[in-house]
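Asker: Structure incoming, see below.
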Amino acid sequence: MEESIFRVDLEVVTQQGLQMGRDKVYILRCERGSAFLGEQGDHMSESRFEKRMVLVITTGGTIEKSYCEEDGSVQNRESVLRTKLLSRLRLPYTDIRVVEIMAKDSLNMTDEDRHFILDKIRASWKSQKTPIVVLHGTDTLEKTVRLCFEQEPEPPVPVIFTGAMRPAGFDDSDAQQNFTEALFISQNVDPGFYLSFHGRLFKAPSFRKNPTKRTFEPLS
């Protein structure tokens, strides 16, 4: 995987590629119409705005799949959150920390993976009481949220899961909508586990995927 530092100035985006290891943490800071994404600990000027922190944990799934020109496949390779989603947002009042913990199609996730995701969520709220957004594949998202809810029925912060039915790089993708809505909701709801999807908020574990409608719906 690679780390990129983005400066978003109106519609101008520049990138500088750096080497990145597993579990690196990045912060997106916006100031005076510009956004800065850098590794945690990098020196950045203090903002004149009071900002709120949101942690984004990426696990893979359709929302982060990318197209490979060499073999024509669409797979999870590395997180596209910064290049496809964050770089398009203006967030003058929000700092985003991004933690990449895996890049898996959720159909390939094991129970060990789900416990690993929960462990990362726990570690995050213990170190800093900030809202959390989790990017996850939709096929088994219900299983991961249910496990989290059963193990931690009263989390101290909002934890918002979201994903997409089409990859973020596709023109007709729902990724930008779902991610943006999840970011907003995470700062405006009570603590708990939730799913934010297609303009609707579901509280865990009262939802299920409807493959025919290609969305989620409440449990009847």
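Asker: Looking only at the stretch 173-220, how many residues end up being charged (D, E, K, R), touching a strand residue (DSSP E or B) at 6+ places or on another chain (Cβ under 8 Å) and either surrounded by fewer than 17 Cβ atoms within 10 Å (Cβ to Cβ) or farther than 16 Å from Gly61 by Cα (or both)? Explain how you work it out, then say what you get.
Answerer: Looking only at the stretch 173-220, we keep the residues that are charged (D, E, K, R), and these are 174, 181, 190, 200, 203, 208-209, 213-214, 217.
From the residues that got through so far, the ones that are touching a strand residue (DSSP E or B) at 6+ places or on another chain (Cβ under 8 Å) too are 181, 190, 200, 203, 208-209, 217.
Those left that are additionally either surrounded by fewer than 17 Cβ atoms within 10 Å (Cβ to Cβ) or farther than 16 Å from Gly61 by Cα (or both): 181, 190, 200, 203, 208, 217.
Total meeting the criteria: 6.
Asker: Hey, any hits in the stretch 97-118 for a residue that's in a strand (DSSP E or B), under 14 Å from the mean Cα position of the chain (by Cα) and within 27 Å of Leu219 (Cβ to Cβ)? If you could, list the steps in order and put the result at the bottom.
Answerer: Pass one, the stretch 97-118, residues in a strand (DSSP E or B): 97-104.
Narrowing the set further to residues that are under 14 Å from the mean Cα position of the chain (by Cα) leaves 97-104.
Going one step further and asking which of them are within 27 Å of Leu219 (Cβ to Cβ), we end up with 104.
Scanning the stretch 97-118 turns up at least one residue that is in a strand (DSSP E or B), under 14 Å from the mean Cα position of the chain (by Cα) and within 27 Å of Leu219 (Cβ to Cβ).
Asker: OK, next. Would you pick out the residues in the stretch 142-174 that are within 13 Å of the chain's Cα centre (by Cα) and of a type outside the set (Val, Ile, Thr)? Break it down stepwise before answering.
Answerer: First, the residues of the stretch 142-174 that are within 13 Å of the chain's Cα centre (by Cα): 159-164, 168.
Within the stretch 142-174, Phe161, Gly163, Ala164, Ala168 meet the criteria.
Asker: Being out of contact with any helix residue (DSSP H, G or I) (no Cβ under 6 Å at 6 or more places or on another chain), modelled with pLDDT under 90 and of a type in the set (Phe, Trp, Tyr) is true for just one of Phe116, Phe49. Which residue is that? Step through it out loud before you land on a result.
Answerer: Values: Phe116 fails: modelled with pLDDT under 90.
The unique qualifying residue is Phe49.
Asker: Of the conditions (1) more than 19 Å from Asp119 (Cβ to Cβ); (2) among the hydrophobic types (A, V, I, L, M, F, W, C); (3) surrounded by 16 or more Cβ atoms within 10 Å (Cβ to Cβ); (4) at pLDDT 95 or above, Met165 satisfies every one except a single condition; which number is it?
Answerer: Every condition holds for Met165 apart from (4).
Asker: Testing Glu39 on (1) of a type outside the set (A, V, I, L, M, F, W, C); (2) at pLDDT below 55; (3) crowded, with 17+ Cβ neighbours inside 10 Å; (4) farther than 27 Å from Asn188 by Cβ, one condition comes back false. Which one is that?
Answerer: Failing condition for Glu39: (3).
Asker: Residues that are touching an Asp or Glu at 6+ places or on another chain (Cβ under 9 Å): list the strands (runs of 3 or more DSSP E) wholly contained in the stretch 142-220 that include at least 3 such residues. It would help to see each step written out before you state the result.
Answerer: Numbers: elements: 158-162, 192-197, 200-203, 207-210, 215-218.
The qualifying strands (runs of 3 or more DSSP E) are 158-162, 192-197, 200-203, 207-210.
Asker: Which pairs have Cβ atoms under 8 Å, sit 6 or more apart or on different chains, and link a residue in the stretch 146-170 that is farther than 14 Å from Pro191 by Cβ and of a type in the set (Lys, Arg) to one that is at pLDDT below 95 and assigned to a helix (DSSP H, G or I)?
Answerer: Pairs found: Arg166/Thr62; Arg166/Ala175.
Asker: So Arg114 ticks every box in (1) in contact (Cβ under 8 Å) with a residue 60 or more places away in the chain; (2) under 14 Å from Gly61 (Cα atoms) but one. Which box is left unticked?
Answerer: (1)
Asker: Report the residue count in the stretch 127-141 for those that are in a loop (DSSP other than H, G, I, E, B) and touching a helix residue (DSSP H, G or I) at 6+ places or on another chain (Cβ under 7 Å). Break it down stepwise before answering.
Answerer: Our first condition is that a residue be in a loop (DSSP other than H, G, I, E, B); within the stretch 127-141, this holds for 128-131, 136-140.
Remaining after also requiring touching a helix residue (DSSP H, G or I) at 6+ places or on another chain (Cβ under 7 Å): 131, 136-140.
The number of residues fulfilling the criteria is 6.
Asker: List the residue pairs whose Cβ atoms are under 6 Å apart, where the first residue sits in the stretch 119-136 and is without any contact (Cβ under 8 Å) to a residue 60 or more places away in the chain and surrounded by fewer than 22 Cβ atoms within 10 Å (Cβ to Cβ), the second is of a type in the set (Val, Ile, Thr) and outside any strand (DSSP E or B), and the two are 6 or more positions apart or on different chains.
Answerer: Partner pairs satisfying both residue conditions: Trp125/Val157; Lys129/Val157.
The values are calculated or read from the model by the stated rules, or taken from the named source; none is laboratory data. Quick caveat: nothing in here was measured; it's all calculated off a predicted structure. Every residue, glycine among them, receives a Cβ derived from its backbone with ideal geometry; neighbour counts consider all protein chains shown.
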